[in-house]
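Okay, structure first, notes after.
The values are calculated or read from the model by the stated rules, or taken from the named source; none is laboratory data. Bear in mind the structure is a predicted one, so any value in this text is a computation, not a measurement. Cβ placement follows ideal geometry from the backbone for every residue including glycine, while neighbour counts extend to all protein chains displayed. Surface accessibility is based on the protein's heavy atoms, side chains included, excluding ligands, DNA and RNA. Shrake-Rupley method; radii C 1.70, N 1.55, O 1.52, S 1.80 Å.
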Amino acid sequence: MPAKPKFTKAEIIEAAYEIALKGDLSLVTAREVGKALGTSSSPIFTVFENMEQLKAEVWKKAMSEFYARVENAEKGDLPYRNVGVETVKTAVEQPNLFRILFINKRPTECKNLNVGGEEATLNRIYSLIANSYGISTDQAKLIHDQMWFYTFGLAMHCVNQPLTEAEIKTLLSLQFHAVLDFVTEGKEKEILK
């Protein structure tokens with residue numbers, strides 16, 4: 001009969017998550033998680049087969065935290081712009097969370113877009129853009145992809161040289177409307193040949 005886990009899966013994930021937020025997933029080791037729980041590393045392996053599984057769960061928790069921020073941002077006026085603002089704010093306010101999700105290599109188990117709800121979130125965002133501006137889902141995807149690259153670059157800039165929220169909103173709005181106009185005028189077809 002296998003040993004009864006000394007700690008729950010949620011407790012182990014939470015301890016590992018707090019460690020990761022001090023830097024990134026590379027800090028999540030069996031020894032560090034055990035130390036955070038006030039025990040040896042052994043209890044971790046009564047719940048997880050290996051550290052890669054635990055790191056995948058920590059990454060999923062980080063993505064859930066980010067999505068909670070994004071979903072809250074969608075409730076205001078100009079919800080799509082607000083998602084971009086929240087992404088930039090996450091990079092500035094929680095740089096280690098941002099690093100875990102978007103800079104560091106994902107855990108192997110998290111390569112699939114369905115992990116962490118990404119595919120559902122992206123589809124919701126594509127629908128939000130398409131419905132708000134009367135364009136196709138393919139056009140919305142193209143716009144979102146371009147805006148993601150811009151937003152990511154803006155986030156990296158703001159980590160070192162912060163801008164006000166008003167400045168971030170202005171920059172995101174200018175870029176969004178430039179890309180929207182480009183796509184609605186059909187100019188993307190010239191480039192995507």
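Here are the numbers for the structure shown:
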read-out	value
Residues of the stretch 49-77 classified as in contact (Cβ under 8 Å) with a residue 12 or more places away in the chain, over 24 Å from residue 151 (Cβ atoms) and not aliphatic (A, V, I, L, M), total	4
Selected residue (only one of 30, 20, 15 is touching a residue at least 40 places away in the same chain (Cβ under 8 Å) and open to solvent by less than 60 Å² (accessible area, probe 1.4 Å))	20
Residue list for the stretch 100-131, filter: closer than 18 Å to residue 82 by Cα and either open to solvent by 70 Å² or more (accessible area, probe 1.4 Å) or of a type in the set (Phe, Trp, Tyr) (or both)	123, 124, 126, 131
Restricting the stretch 13-26 to residues that are part of a helix (DSSP H, G or I) and modelled with pLDDT under 95, the residue that is nearest to residue 98 (Cα to Cα)	25
Residue list for the stretch 142-193, restricted to those being open to solvent by 70 Å² or more (accessible area, probe 1.4 Å) and in a loop (DSSP other than H, G, I, E, B)	161, 162, 164, 185, 187, 192, 193
Residue, nearest to the chain's Cα centre (by Cα), within the stretch 79-93, restricted to residues that are in contact (Cβ under 8 Å) with a residue 24 or more places away in the chain and within 23 Å of residue 131 (Cβ to Cβ)	87
